[in-house]
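These notes are about the structure you will find just below.
The values are calculated or read from the model by the stated rules, or taken from the named source; none is laboratory data. Bear in mind that the values here come from a model prediction, so they are computed numbers and not experimental data. When we count neighbours, we look across all protein chains shown, and the Cβ atoms used for this are built from the backbone with ideal geometry, even at glycine.
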Amino acid sequence: MSCFDHITLVLLELHWLPVQWQITFKVFVLVFKALKGLGPEYLQNLLTPYVPARPLHSLHWDLLDVPRVRTKLGERSFSFYAATSWNALPSDIRSLPSLSTFKSSLKTFLFRLALNI
């Protein structure tokens, strides 16, 4: 491999996520830990489970309430970014019971998204 080859091939070979996807992975792991009571309490306090006004089938999907923000800066807050990103995850990944299976499934999911596999 020469220094002029594209890095995507190396990422594929090593099964590494690009940097922006690694950050997303870390945020998802923090959210998972917070929701399962494994993370710091201050993060747990930033995440609010979604409770619909009337009973819906989506109640068991572990969705988060997305806080209302008025500015672009507000969209960069952990509570907004974490909730919108978490809600966009497939429900089968969100509902995994253990951290190890969550990490494994999440990494595979993000790897496929990042590298268009």
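The table below gives the values:
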read-out: Count of the stretch 62-98 residues which are of a type in the set (A, V, I, L, M, F, W, C), in a helix (DSSP H, G or I) and farther than 18 Å from Gln20 by Cβ; value: 3
read-out: Selected residue (criterion: farthest from the chain's Cα centre (by Cα)) from residues of the stretch 72-87 that are of a type in the set (A, V, I, L, M) and within 14 Å of Phe32 (Cα to Cα); value: Ala83
read-out: Out of Leu43, Leu59, sole residue that is in a helix (DSSP H, G or I) and at pLDDT 90 or above; value: Leu43
